[in-house]
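Laboratory data are not the source of any read-out in this text; all were calculated from the coordinates shown. Computed from a predicted model, the values in this text were never measured in an experiment. Using ideal geometry, Cβ is built from the backbone for each residue, glycine included, and neighbour counts are taken over all protein chains shown.
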Amino acid sequence: MKLFIDTANVKEISEVKEWGVLSGVTTNPSLIAREGGVEFEDVIKQITDLVPGPISAEVISTEAEGMVEEARKLASISDNVVIKIPMTPEGLKAVNILSSEGIKTNVTLVFSANQALLAARAGATYVSPFIGRLDDIGHTGMELVRDIAQVFKIHNIETEIIAASIRHPLHVLEAAKAGADIATIPYAVFKKMVQHPKTDEGIEKFLADWNKR
Ligand code: E4P
């Protein structure tokens, strides 16, 4: 399973990129807004210059025509821009048009396996099931990843599954076991994944012993 970072913060992206573990980045309108008064296209450009993998940038329009127009503009920023499109009938229309133009898409806000199947058949490059938000309303979000992975495998569907709305390290592990191709992980979760108290304790002990020589 590949690891993406779910942020629009260039500092966070640079830090995790230096670990050598990053295959891509996802952003969304809330994450862009969190960065303050930044220019959307400028941030996307900065991120595409930093990370060579797929960089998801989301459209704001709710009608297919507007989505396609925004998508073409965003796609012209760099070859590695992927257009994030919400899972609606208008979104599917837009995905279909964009896929015929060779523009990659990530269908977002996926909450059922049927939505994922529709997105894949419309030509989506990626689908993003939202794990944490399903957990929030009393479902087991990871079941959705398992279902989509099973359906895509049986029917030889090449659309990749991005486990999104990841809230903690266990989500990442479970997504890997459930068959997600990618997990898009917030910076805070990356920091938790790297840490273990026994690792810290071990380093402290090795150094203490070394200094006793
Ligand atoms: C996915 O691409 C989204 O940006 C993201 O994972 C949403 O997560 P949230 O539910 O924590 O907002």
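Between 0 and 90 degrees, rounded to the nearest ten: what's the tilt of helix 141-154 against the longest Cα principal axis of the chain? Rounded to the nearest ten degrees, it is 60. Mean separation of Cα pairs under 8 Å and 6 or more residues apart, divided by the residue count, gives region 87-213 a relative contact order of 18 percent. Projected over every direction and averaged, the convex hull enclosing the alpha-carbon atoms of region 114-209 yields 7.6 nm².
A Förster distance of 30 Å, applied to the separation of the beta-carbon atoms of ASP200 and GLU158, puts the FRET efficiency at 0.10. The packing ranking of peptides 65-77, 185-197, highest mean first, is 65-77, 185-197, where packing means the average number of other beta carbon atoms within 10 angstrom of each residue.
Against the chain, whose longest principal axis comes from its Cα atoms, helix 64-75 is set at around 50 degrees.
Angle check, please: helix 169-178 long axis (alpha carbons) against the longest principal axis of the chain (alpha carbons), in degrees 0 to 90, nearest 10. Rounded to the nearest ten degrees, it is 60.
Over the chain, the pair-distance histogram of Cα-Cα distances with 10 Å bins from zero comes to 8, 33, 34, 15, 5, 3, 1, 0 percent, rounded to whole numbers.
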